[in-house]
Amino acid sequence: MSASVIKHAPGWTQPFNELDGFSHHYATVDGVRLHYVSGGNANGETLLLLAGFPQSWFAWRQVMSLLSDRYFIIAPDLPGQGDSDKPLSGYDTTSLAQKVQGLMQLLGHTSYYLSAHDVGAWVAWPYATLFSDQVKKLALLDAGIPGVTLPESLPATPDKAWKTWHFAFHLLPDLPEALIEGREAIYLEWFLKRKAASPMVFGDEDMAEYTRLLQQKGAIRAGMATYREVTVSAAQNRTLLRERGKLALPLLAISADQGSIPDMALPLREFAADVTGIKIAHCGHFIPDEQPQALADALREFFR
C-alpha cells in the first residue's frame, strides 16, 4: 500500500532539513509515543526500516536518500530508542514487533518491504513471522537472532570478544547505567568507531546526535532492556519456529567483511526457506553508515 492511501494522516509533522522530502512524525501506539521519519516516493512501494543499538532511525538517513526515488520509506525509533518513549517494560522482541506493527496499522500500510540492522533485526525476525501476510521481503543486516542464530555462549578470545563483550555487560542490572551515565560520549566513541571499519565514518554530527539521544532520561536503561530480555525473546522465537516452521518469505542476509557475523546466510538457512546471502566489502558492523550506496543498491535489487 503506497503513501497515497494512508488511512490516518499524522497530525504533526516537522521537515527534516538535511533529508529532502522527509519529515519527523509522532504517533501513539498502545500508550507508547513513537517517533518516526517518513518520506520518499508517495506513489512507490513502502519500505520499513528498523535500526539497532545504540542508534536510531538516523542510521538509515543516507540509505533513505538513495532509495527515496523508488520507495515511500518509514523509519521509526523502536520503543526505548531515539526520540520514542522509554517505557519501563515491553522490551522483548515480540512486544517491540507488535508496537511497530501497530504503527504501520495506524498509518494504513498493509504490504511492505522490511530491512533491519542489529537489534532492529532481532525485532524483524518475529515481525516477519507474525505478520508474514504484510511483509513481502525481508533483509537482515549483521545480527545474530535470539533463539535462532545467536549463540548461547559468546566468544571470549581476544580476537573476537571485542565484538560481543557488551552482551554480558548490558545484561547486568544497574551497573551499565552507573558507569555510562555522564560518560555517554566516551561509551559511544568506542562503541561506534571501534566497530566500524573506519572510525572516520562517524563524524562530529553523528556523535553529537547519538550522545544527545543516550543522554535522555531513561535512555541507557531502555538501551540495556532489549539485551536483558534476550532470553525471553529467544524463547518466543523458538516457540514461533515450532508452531509455524521455517520463515517462508524471501530473505536477504547481509554480512560485512569486517562485521560481527562472518556469514549471515549460512546459519539462517536452517530456519528460513528462501535465503540469499551477500557480503559487503570494506565495511564493519554499521553497514548503513559505512556503505550506504552498496547497501542501497543491494536492497533495490532484492526488493524490486
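The values are calculated or read from the model by the stated rules, or taken from the named source; none is laboratory data. The shown structure was predicted, so the numbers you read here are calculated from the model rather than taken from an experiment. Virtual Cβ from ideal backbone geometry, glycine too; neighbours counted across all protein chains shown. The accessibility values were calculated without ligands, DNA or RNA, using every heavy atom of the protein model including side chains. Shrake-Rupley method; radii C 1.70, N 1.55, O 1.52, S 1.80 Å.
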Restricting to region 45-90, what's the tally of residues that are touching an Asp or Glu at 6+ places or on another chain (Cβ under 8 Å), open to solvent by less than 10 Å² (accessible area, probe 1.4 Å) and farther than 27 Å from THR164 by Cβ?
1
Given the condition assigned to a loop (DSSP other than H, G, I, E, B), crowded, with 16+ Cβ neighbours inside 10 Å and out of contact with any Phe, Trp or Tyr (no Cβ under 7 Å at 6 or more places or on another chain), answer yes or no: does some residue in region 213-223 qualify?
no
Might you check whether a residue that is crowded, with 21+ Cβ neighbours inside 10 Å, on the phi < 0 side of the Ramachandran plot and of a type in the set (D, E, K, R) occurs anywhere in region 258-268?
no
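Considering each residue of region 126-142, count those that are open to solvent by less than 10 Å² (accessible area, probe 1.4 Å) and touching a strand residue (DSSP E or B) at 6+ places or on another chain (Cβ under 8 Å), and give that number.
Of all residues in region 126-142, those open to solvent by less than 10 Å² (accessible area, probe 1.4 Å) come to 126-128, 135, 138-142.
Cutting the leftovers down to touching a strand residue (DSSP E or B) at 6+ places or on another chain (Cβ under 8 Å) gives us 127-128, 135, 138-142.
Going through region 126-142 one residue at a time, the tally reaches 8.
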Residue list for region 188-204, filter: in contact with an Asp or Glu (Cβ under 9 Å, 6 or more places away or on another chain) and either outside any loop (DSSP other than H, G, I, E, B) or modelled with pLDDT under 95 (or both):
LEU192, PRO199, VAL201
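Which of the residues belonging to region 237-252 are among the basic types (Lys, Arg) and surrounded by 13 or more Cβ atoms within 10 Å (Cβ to Cβ)? Break it down stepwise before answering.
Within region 237-252, the subset among the basic types (Lys, Arg) is 238, 242, 244, 246.
Residues satisfying the conditions are ARG238, LYS246.
Within region 251-261, identify whether any single residue is outside any strand (DSSP E or B), closer than 12 Å to LYS137 by Cα and more than 18 Å from the chain's Cα centre (by Cα), and answer yes or no. Show your work before the answer.
If we filter region 251-261 for residues that are outside any strand (DSSP E or B), which is where we start, we get 257-261.
Right, trim to closer than 12 Å to LYS137 by Cα and you get none.
So far as region 251-261 goes, no, none of its residues is outside any strand (DSSP E or B), closer than 12 Å to LYS137 by Cα and more than 18 Å from the chain's Cα centre (by Cα).
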